[in-house]
1. Say R0 is 25 Å: what FRET efficiency, to the nearest 0.05, do S23 and K100 get from their beta-carbon distance?
2. Collect residues whose amide H, placed 1.01 Å from N in the peptide plane, falls under 5 Å from the amide H of Y2; neighbours closer than 5 in sequence don't count.
3. Return the sequence-ordered ³J(HN,Hα) values of the range 32-39 in whole Hz as given by the Karplus equation 6.51 cos²θ - 1.76 cosθ + 1.60 applied to θ = phi - 60°, using x for Gly and Pro.
4. So if I take the alpha carbon set of the range 2-109, get Rg, then get Rh from the Kirkwood formula, what is the Rg over Rh ratio?
5. What is the range 29-72 by shape, rounded, prolate or oblate, if you read a ≥ b ≥ c off the alpha carbon gyration tensor as root eigenvalues and call it rounded for a/c under 1.5, prolate for a/b larger than b/c, and oblate otherwise?
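Please treat every number below as a calculation from the coordinates, not as lab data. This one's a predicted model, so the numbers in the text were calculated from it and none came from an experiment. Counting neighbours? That spans all protein chains shown, and the Cβs are built from the backbone with ideal geometry, glycine included.
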Amino acid sequence: MYAIVDIAGFQYKVEKDKKYYVSQLQEKEGKSVEFDKVLLLDDNGKVKVGTPNVKDAKVSAKVLAHVKDDKKIIYKKKRRKRYQVKNGHRQPLTQIQIEKIETKKAEPKKAAAKAEPKKTETKETKKAEPKKTETKKTEPKKTTTQKAETKKTETKKTQTKSAQTKKTESKKTEPKKTTTKKTEPKKTENKKSDDKKS
């Protein structure tokens, strides 16, 4: 069983009873620390990925010591400029030992299993109630004012449809007149050509 935990902005893969060096923590030596930001949890092949954190998961650890990391040397040089600088520092770290990786998964499942039959009973009763309300909704539709309004809207729709059909019929007849006008000039050309021949 392992977990990926966010400790002071860094992510660590953590297992039980193992020691790790993390960035410096404020707790004193010998005190226990809990980390709530569990990003991933693997329980014997069952992987849970957090969004962003896994719910009801905690990692508890014990602070063993505050130490310093190995010295890191920073060396800078610019050639032909007579410039070179050598600096170094030791990063402060905290050594911790993981004690527990806790998950509260057994209790919610039992509560959910007990709650399921109750929910089904309430759903059945709720389903029966809306059927009664549906019959009540049909009664107001029988009012005369609503019937009159629907008839008015229907007559308006039929009037607009008849007006549109008349407009389309008149538009269809107009192009026919234009076609007869086009044929007339052709006849006059034929007459002119006959006159020239004679």
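1. On the way: r = 21 Å, r/R0 = 0.86.
Calculated transfer efficiency: 0.70.
2. Residues meeting the amide H criterion: D42, N44.
3. 9, 10, 10, 10, 8, 7, 9, 7
4. A ratio of 1.19.
5. prolate
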